[in-house]
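What follows is calculated from the coordinates using simple rules that are stated; it is not laboratory data. Source: prediction; values computed, not measured. Here Cβ is always computed from backbone atoms with ideal geometry, including for glycine, and neighbour counts include all displayed protein chains.
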Amino acid sequence: MTTATATAGARPGGARPAPRLLRRLPLHLVIVLLMVVWLIPTIGLLVNSFRPPEALTQSGWWTAIFSPSQFTLDNYAHVLAQSDISAGFVNSLFISIPATVIPIMVAAFAAYAFAWMSFPGRDLLFIAVVGLLVVPLQSTFIPILQLFGPKGVNIAGSFLAVWLAHTGYGLPFAIFLLRNFMGELPREVFESAAIDGASPVTAFFRLALPMTVPAIAALAIFQFLFVWNDLLVALIYLGAQNPDNKPLTIVVSNLVSSLGGGWQYLAAAAFVTMAVPLAVFLGLQRYFVRGIVGGSVKG
Amino acid sequence: MIEPTRTSWTKATAALAALAIVVAACSGAASPSGSVAPSQPAASTPASSAAPSPSAGESLAGQSVTVIGTWGGSEQDAFLAMVKPWEEQTGATVKYTGTRDLNTVLTTGVASGVLPDLAGLPGPGQMTEWADSLVDLGGVLDTATYKAETAAPLVDLGTVNGKLVGVFIKTAVKGLIWYDPKTVDFSSNPPATWDALQAAIAANKSKVTAPWCLGVESGAASGWPGTDWIEDLVLRQAGPDVYNQWWQGKVKWTDPAIKTAFQTFGEVVATSYGGPTAVNATNFANAGDPLFKTPPGCLFLHQASFITGLGAFATEKAGTDYNFFPFPDINSQYAGAIEGAGDLFGMFHDTPAARSLMAYLVTAQAQDIWVKIGGALSANKNATDYPDAISRRSAELLQNAKIFVFDASDLMPTAMNAAFWAAIVQYVQHPDQLDAILADLDKTQVDAYGQ
């Protein structure tokens with residue numbers, strides 16, 4: 001898009017593009033600089049993931065760039081040789097996908113109702129949902145675990161428990177984002193649909209949902225990353241009861257002993273874990289910017 | 001953003017399909033939760049459990065025991081190697097989760113009733129708090145054998161109100177002084193007193209960069225290697241009575257006994273390799289690495305017995321490359337005092353498989369497997385399969401101690417312990433602020449023990 005407009009603008013004037021490029025140069029320099037600064041920790045981690053532990057303790061990662069001969073794949077070999085790493089990978093996917101789909105489905109219904117259906121107490125309910133955004137999830141562990149435990153519905157240790165927990169933790173933000181996005185959709189669309197005899201259900205599935213896809217995609221990225229990277233929620237709802245269901249994050253944190261031995265494997269493990277979120281992000285990134293500004297401007 | 005009707009239909013269908021998959025998956029999840037069922041407390045104790053021996057048998061085949069502990073990496077491998085013979089013998093399986101958030105998991109677990117069958121316990125303090133949820137091991141273990149094989153102070157530490165609720169699966173001796181015999185060999189004539197130690201330092205000054213190696217960095221727990229120093233000094237300067245009253249909150253931090261220990265530690269920090277900044281920035285596992293440098297960076301490292309599995313120690317050879325002597329006595333009145341630590345284990349669910357595993361874990365046969373792998377000492381006197389003379393000597397030190405105390409910081413309330421760690425880091429950097437640091441610890445003490 002930008003290249004097209006630049007070349008189009010170049011034709012009539014001839015002298016104009018140069019100052020424009022010059023004007024934009026500082027901006028580009030700042031952006032490149034910010035990107036480099038932003039990426040440095042990740043680059044350092046990547047370099048360190050290929051270094052042997054002796055080298056790690058003796059010198060900084062930047063020194064390794066000039067002596068690449070010491071690079072080794074041992075860390076990756078050790079991480080991938082863990083017997084439970086593949087099970088952890090499958091478990092992570094099995095936790096993350098439903099824990100992304102369920103809250104978004106529920107949030108989309110709720111957002112539609114909050115945006116386009118009038119019922120008593122609507123605003124009060126919405127305020128309550130938004131208020132839940134500030135509840136720290138750590139404070140909910142004991143009451144929810146009691147409910148999930150043997151004295152309650154007895155699902156602690158099963159995938160269902162983690163799905164429901166993540167759904168609960170993800171919903172306030174999901175509803176908030178989707179409601180604001182759906183509220184911006186043109187009123188005329190829904191009015192004409194109602195005149196043509198469309199029920200709220202039809203209007204939701206055939207109008208509201210398709211028009212909200214960018215926001216949903218952005219939300220899906222957020223929620224997926226949150227669940228994929230989560231250690232604590234999985235540990236609380238699965239860990240003590242059923243180690244068979246443990247996700248990748250628990251497997252990776254177990255590479256380190258209680259006294260901190262084996263930390264050199266963490267950098268390599270981080271990149272193994274990062275592979276899937278990176279793929280999700282790159283796959284959905286064209287929706288990302290569009291979605292994140294969704295609901296920000298009232299028009 | 002207006003889409004053709006066709007596309008919106010497809011998308012609606014896709015959404016419904018996704019919902020259908022979720023519903024299907026939810027109903028599928030009934031089976032994992034079903035497999036948890038055997039780990040629930042047994043309604044009545046089966047007759048077979050009257051004889052708590054690992055050979056109790058075939059009836060356990062197919063059952064599982066959930067275990068949670070702090071062990072990860074090589075420790076996890078060692079623990080799994082330790083339970084393997086039991087698994088083969090009984091046909092039951094051990095499902096282990098390791099996490100360093102053990103305290104969080106068990107605190108929420110005890111409050112909500114969602115607990116593993118067996119669990120490592122963060123320390124004697126928490127064990128006492130959870131005593132009501134823990135199963136009395138008196139009827140699970142062969143108590144007479146356990147008491148005969150285990151050092152009495154360790155048995156006492158696992159007992160709350162006459163109920164044995166915790167056993168030590170592995171132990172460690174704190175406060176050993178490690179050295180490289182290739183630099184100076186102290187094996188025939190180890191410094192027995194603090195003054196002799198100072199004389200040894202003065203005599204060998206020219207051979208090393210600094211007398212002491214010290215590193216207190218350990219992530220969120222940074223400072224703990226320094227707390228071991230303070231504890232060793234308090235124990236030997238002021239004696240076990242002051243030591244015990246101190247962790248119980250009955251001796252103030254501003255008490256001269258504690259302050260003297262901090263000041264002695266300050267002298268060590270001042271003469272340590274790299275200076276105060278290096279002390280705070282060096283991970284405890286690598287703190288001893290300069291011992292093995294040429295020329296040697298330092299003469300001594302003060303650390304617990306588990307250091308042999310960490311840092312440069314892991315690759316150096318016991319006896320020829322490193323050796324130790326016990327922390328020298330300071331006040332002759334308290335000669336032969338030893339500080340130890342260890343990993344407690346308790347039982348939350350009284351199932352036949354859990355009983356059998358618990359009884360097996362404390363036997364010399366099981367303990368030998370872990371001590372042979374290294375990095376751990378056993379509380380069991382009959383576990384003697386140590387990989388080298390160094391480990392065997394430290395185990396004997398623990399079992400034959402005249403005065404035995406448990407790691408004070410581990411016995412303190414969590415808030416006090418964390419403040420103690422932080423105080424070490426602050427004191428290393430700013431030794432001149434000692435009075436203010438100790439006064440702050442006094443304030444924490446009032447709050448931490450108040451509950």
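Look at the stretch A:240-253: the mean tally of other chain Cβ atoms within 10 Å of its residues' Cβ atoms is 6.
The ranking of B:S59, B:S206 by Cβ neighbour count inside 10 Å, starting from the fewest, reads B:S206, B:S59. Subtracting the Cα-Cα distance of A:M35 and A:V130 from their residue separation scaled by 0.36 nm leaves 30.9 nm. Looking only at the protein assembly as shown, where both bridge partners belong to it, what percent of the DSSP beta bridges are antiparallel (to the nearest 5)? If we restrict to bridges inside the protein assembly as shown, about 50 percent are antiparallel. Counting only Cα atoms, chain B measures 84, 70, 47 Å along its principal axes, largest extent leading.
Helical content alone sets the calculated 222 nm signal of the protein assembly as shown at -17000 deg cm²/dmol, taking -39,500 (n - 2.57) per DSSP H segment of four or more residues and averaging over every residue. A Förster radius of 25 Å, combined with the Cβ-Cβ distance separating B:A196 from B:Q433, puts the computed FRET efficiency at roughly 0.20. Inter-chain neighbour count for B:74-85: the average number of beta-carbon atoms from partner chains within 10 Å of each residue's beta-carbon is 2.
Loop-located trypsin sites (Lys or Arg not before Pro) in segment B:368-434 (DSSP state other than H, G, I, E, B) with a sparse environment of at most 10 neighbouring Cβ atoms within 10 Å: B:K402.
Look at the dipole of the protein assembly as shown built from charges on Cβ: of A:W62, B:T308, B:A257, the Cα furthest out on the positive end belongs to A:W62.
Put a dot 7 Å past the Cα of B:A281, heading toward its Cβ, do the same for A:V90, and the two dots end up 4.7 nm apart.
Backbone N atoms of segment B:304-334 closer than 17 Å to the 7 Å Cα→Cβ label point of B:D388 belong to residues B:304-326.
A Förster radius of 51 Å, combined with the Cβ-Cβ distance separating A:T202 from A:L278, puts the computed FRET efficiency at roughly 0.85. Overall, chain A carries a charge dipole of about 1020 debye about its Cα centre when +1 sits on the Cβ of Lys and Arg and -1 on the Cβ of Asp and Glu, all other atoms neutral. Considering only B:Q399, A:P19, B:A376, and ranking their Cα positions along the charge dipole of the protein assembly as shown that arises from unit charges at the beta-carbon of Lys, Arg, Asp and Glu, the one farthest toward the positive end is A:P19. Note on B:K252: lysines with a C-alpha under 18 Å away, same-chain residues under 8 apart excluded, are B:K443.
Extension gain for B:Q248 to B:Q365 (0.36 nm times residue separation, less C-alpha to C-alpha distance): 38.5 nm. With the simple model of a label 7 Å out from the Cα in the direction of the Cβ, B:D442 to A:W263 spans 3.5 nm. Checking the cross-link pairs B:K372/B:K402; B:K182/B:K205; B:K207/B:K317; B:K95/B:K170 against a 24 Å limit on the alpha carbon distance flags B:K372/B:K402 as lying beyond it.
Is any residue of segment A:147-187 close enough, with backbone N under 11 Å, to a label point placed 7 angstrom from the Cα of A:R122 along the Cα-Cβ axis, and if so, which? Answer for segment A:147-187: A:183.
Cut-off is 10 Å between beta-carbons; in what order do B:T414, B:T159 appear when sorted fewest neighbours first? It would help to have the intermediate numbers written out before the result.
Values: B:T414 14, B:T159 17.
The most exposed by this proxy come first: B:T414, B:T159.
Note on B:D136 and A:V153: with the Förster distance fixed at 25 Å, the Cβ-Cβ geometry gives a FRET efficiency of about 0.25. Just subtract the alpha-carbon distance of B:A422 and B:T260 from 0.36 nm times their residue separation and send over the number in nm, one decimal. Result for the pair: 56.5 nm of gain on full extension.
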